[in-house]
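Since the structure comes first, as structure tokens, the remarks are kept for the end.
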Amino acid sequence: MIRLGNAIRRGLSRRLVRAARDPERRPDMSLGELIRGLGDRSFGWCIVLFALISMLPMPIGSNMVTAIPLILLTGQMALGLPQVWLPDWVMRRRISRKRFQRRVLWFGPLMRPIERIVRARYAAMFTPRAERGLGVFLLLVAVALFAPIPLSSYLPAIALLLAGIGLVERDGAVVVAALVLGVVAILVTASVTTALLMGVDALTHRGPVSP
């Protein structure tokens, strides 16, 4: 079980880069090491972390793997669990420090404006009941991320990233923006999936081609 504290400060991208550093200069790290290095507000930080990992350049279909921790996290939120639990095989998974840090820095221009405007507001969105409802919706977004559709992972991943930032900073306005983007991501994923299924069905039921 991951036990994390309560304090939070601005500068999420800097905090993520620092958490990935290693004085022993090892080239990779486990996810458990990175999560423990972050320290506080478990669900928000873990959603930010795994959303960023989902945006790393990886082979097509890798989103079906990176979405699993996000499905577990948002499912736990929906169930009302007070803190994060992740299986050992997820916590032991190793990633490149440099690739992770580069991706955080690449998203710096996106995150810095958010960091400048983010602040605690709309506290009613962070009651236990409201967070369970948010968890249900984010679970749907995580399932959209899981969909095996090429290049479909960025919209749901960005929506989850914004939601994680909102949870870390207790900023309801950022969470609302994440909800709006999440609706778009779900609709796009559903539309593309439906179109693909209809195309497959049409090919399957198409009669023999005349010579």
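Assorted remarks:
- Sole residue being part of a helix (DSSP H, G or I), aliphatic (A, V, I, L, M) and open to solvent by 50 Å² or more (accessible area, probe 1.4 Å), chosen from V188, V141, V174: V188
- Condition check for R170: on the phi > 0 side of the Ramachandran plot and modelled with pLDDT of 85 or more: yes
- Test result for L134, open to solvent by 40 Å² or more (accessible area, probe 1.4 Å) and modelled with pLDDT of 90 or more: no
- Filter result (open to solvent by 30 Å² or more (accessible area, probe 1.4 Å) and without any contact (Cβ under 8 Å) to a residue 40 or more places away in the chain) within region 82-115: P82, D88, W89, R102, W106, P109, L110, P113
- Filtered by the rule that a residue be in contact (Cβ under 8 Å) with a residue 12 or more places away in the chain, on the phi < 0 side of the Ramachandran plot and not charged (D, E, K, R), region 118-132 gives V118, A120, A123, A124, M125, F126, P128.
The values are calculated or read from the model by the stated rules, or taken from the named source; none is laboratory data. The structure displayed is predicted, hence computed values, not measured ones. Note: ideal-geometry Cβ built from the backbone for every residue, glycine included; neighbour counts use all protein chains shown. To get the accessible areas, we keep the full protein, side chains included, count just its heavy atoms, and leave off ligands, DNA and RNA. Shrake-Rupley method; radii C 1.70, N 1.55, O 1.52, S 1.80 Å.
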